[in-house]
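Student: Have a look at this one before I ask anything.
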Amino acid sequence: MEVANRVAVITGGGTGMGYAAARLLASKGTKVALLGRREALVAEKAEPLKGIGIGCDIADEASVEAALSAVEERLGTPTILINSAADGRLWNIVSPKGVPVSGDYLREILMTNVAGMLFMVRGFAARLARIESPPQALRGVVINVSTISAADGGMGSGYVISKGAVDAAGLSLARELSPWGIRVVTIAPGGIDTEMFRAGATEGTNAMMKALVPSLRRTGRPDEFARLALHICENDYLNGCNIRLDGGLRSPFSADVGGGVESLD
């Protein structure tokens with residue numbers, strides 16, 4: 001797929017990996033729409049990219065449909081979807097003092113990371129399915145974002161389980177959407193230096209994660225995610241697969257990930 005003059009929708013597009021991907025795609029001539037809960041932020045970040053920013057809560061079905069309709073009206077039918085929005089709270093289901101996590105947390109993380117991903121893919125694919133295209137022609141690509149913790153058994157089971165569902169959805173969605181020429185690829189990052197990563201990791205954890213990356217001894221950069229996302233868009237034979245972007249890191253079992261476990265006591 002040539003990305004020039006295509007329309008890309010990037011959830012979580014105001015920061016981190018999502019914004020890095022949007023910036024790179026825009027530099028290649030892609031018309032980008034950044035979606036995020038912080039409407040003012042995505043609007044501000046989209047301006048230098050000559051794109052648009054739209055407030056959207058992916059866990060809200062009506063919000064997703066309104067956002068996709070606005071993109072279609074203002075830029076055209078999107079053919080690239082990057083699902084990078086996520087609830088990244090790494091809370092144990094039972095705290096060190098034996099206090100159970102709230103049901104609200106479990107519902108919220110599953111609604112954002114699983115249902116929200118499906119709402120976006122459904123709305124994106126339904127719009128592409130309406131476009132007339134020759135048989136066997138490729139129409140678009142979905143890039144879902146998981147985490148290496150889903151395969152490595154990382155701490156924070158609510159988050160890990162939600163991203164395990166994203167992993168499981170990849171090949172299933174690729175097969176299901178194949179009649180409309182829509183590819184689906186999953187990226188599983190590990191230790192990428194983003195706003196969400198810095199908010200959830202202590203200083204000690206950050207140092208430990210760097211030490212566990214063979215040869216490189218550093219966290220990943222959002223621009224490295226962006227280059228992989230661009231390659232997936234351009235390489236039509238990538239489909240139904242899960243690509244780890246982790247520098248060789250494997251999630252440690254006993255990492256002190258921080259991010260709110262103490263608040264459950």
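The values are calculated or read from the model by the stated rules, or taken from the named source; none is laboratory data. The structure displayed is predicted, hence computed values, not measured ones. Note: ideal-geometry Cβ built from the backbone for every residue, glycine included; neighbour counts use all protein chains shown.
Student: Conditions first: (1) farther than 22 Å from GLY153 by Cβ; (2) small (Gly, Ala, Ser); (3) touching a residue at least 40 places away in the same chain (Cβ under 8 Å). ALA86 passes all but one, so which condition is the exception?
Tutor: (1)
Student: Within the stretch 1-36, can you find the residues that are modelled with pLDDT under 95 and of a type in the set (Lys, Arg)?
Tutor: The answer is none; no residue qualifies.
Student: Still on this structure, please answer the following. Would you check if VAL94 is farther than 26 Å from ILE192 by Cβ and either buried (at least 18 other Cβ atoms within 10 Å of the Cβ) or among the aliphatic types (A, V, I, L, M) (or both)? So that I can check it myself, show each step before the final result.
Tutor: Numbers: farther than 26 Å from ILE192 by Cβ: yes; either buried (at least 18 other Cβ atoms within 10 Å of the Cβ) or among the aliphatic types (A, V, I, L, M) (or both): yes.
So VAL94 fits the description; yes.
Student: Only residues that are of a type outside the set (D, E, K, R) and over 18 Å from the mean Cα position of the chain (by Cα): list them for the stretch 36-73, please.
Tutor: So the first thing to find is which residues in the stretch 36-73 are of a type outside the set (D, E, K, R), and the list is 36, 40-43, 46, 48-49, 51-56, 58-59, 62-64, 66-71.
Scanning the stretch 36-73 gives ALA40, ALA43, PRO48, LEU49, GLY51, ILE52, ALA62, ALA66, SER69, ALA70, VAL71.
Student: Assigned to a strand (DSSP E or B), surrounded by 15 or more Cβ atoms within 10 Å (Cβ to Cβ) and modelled with pLDDT of 90 or more: is that true of VAL184 in this structure?
Tutor: Working: assigned to a strand (DSSP E or B): yes; surrounded by 15 or more Cβ atoms within 10 Å (Cβ to Cβ): yes; modelled with pLDDT of 90 or more: yes.
Considered against the rule, which asks whether it is assigned to a strand (DSSP E or B), surrounded by 15 or more Cβ atoms within 10 Å (Cβ to Cβ) and modelled with pLDDT of 90 or more, VAL184 comes out as yes.
Student: While we're here: Among the helices (runs of 4 or more DSSP H) lying completely within the stretch 1-90, list those that include at least 3 residues that are over 21 Å from PRO222 (Cα atoms) and in contact with a Leu (Cβ under 9 Å, 6 or more places away or on another chain). It would help to see each step written out before you state the result.
Tutor: On the way: elements: 16-27, 39-46, 61-74.
Result: 61-74.
Student: Working only within the stretch 97-108, note down all residues that are loosely packed, with under 13 Cβ neighbours inside 10 Å, among the charged types (D, E, K, R) and in a helix (DSSP H, G or I).
Tutor: Residue satisfying the conditions is ASP104 alone.
Student: What number of residues within the stretch 207-232 are assigned to a helix (DSSP H, G or I) and touching a helix residue (DSSP H, G or I) at 6+ places or on another chain (Cβ under 8 Å)?
Tutor: Keep residues of the stretch 207-232 that are assigned to a helix (DSSP H, G or I), which gives 207-211, 222-232.
Then keep just the ones that are touching a helix residue (DSSP H, G or I) at 6+ places or on another chain (Cβ under 8 Å); that gives 222-223, 225-227, 229-230.
So the answer is 7.
Student: Continuing with the same structure: Taking the stretch 5-32 on its own, how many of its residues are closer than 20 Å to VAL185 by Cα and among the small types (Gly, Ala, Ser)?
Tutor: Selection size over the stretch 5-32: 8.
Student: Within the stretch 134-152, can you find the residues that are part of a loop (DSSP other than H, G, I, E, B) and surrounded by 13 or more Cβ atoms within 10 Å (Cβ to Cβ)?
Tutor: Filtering the stretch 134-152 for residues part of a loop (DSSP other than H, G, I, E, B) gives 134-139, 146-148.
Within the stretch 134-152, LEU138, ARG139, SER146, THR147, ILE148 meet the criteria.
Student: Here is a further query. Take VAL114 and tell me if it is aliphatic (A, V, I, L, M), surrounded by fewer than 17 Cβ atoms within 10 Å (Cβ to Cβ) and within 27 Å of PHE253 (Cα to Cα).
Tutor: Details: aliphatic (A, V, I, L, M): yes; surrounded by fewer than 17 Cβ atoms within 10 Å (Cβ to Cβ): no; within 27 Å of PHE253 (Cα to Cα): yes.
Taking the combined requirement at face value, the residue does not satisfy it.
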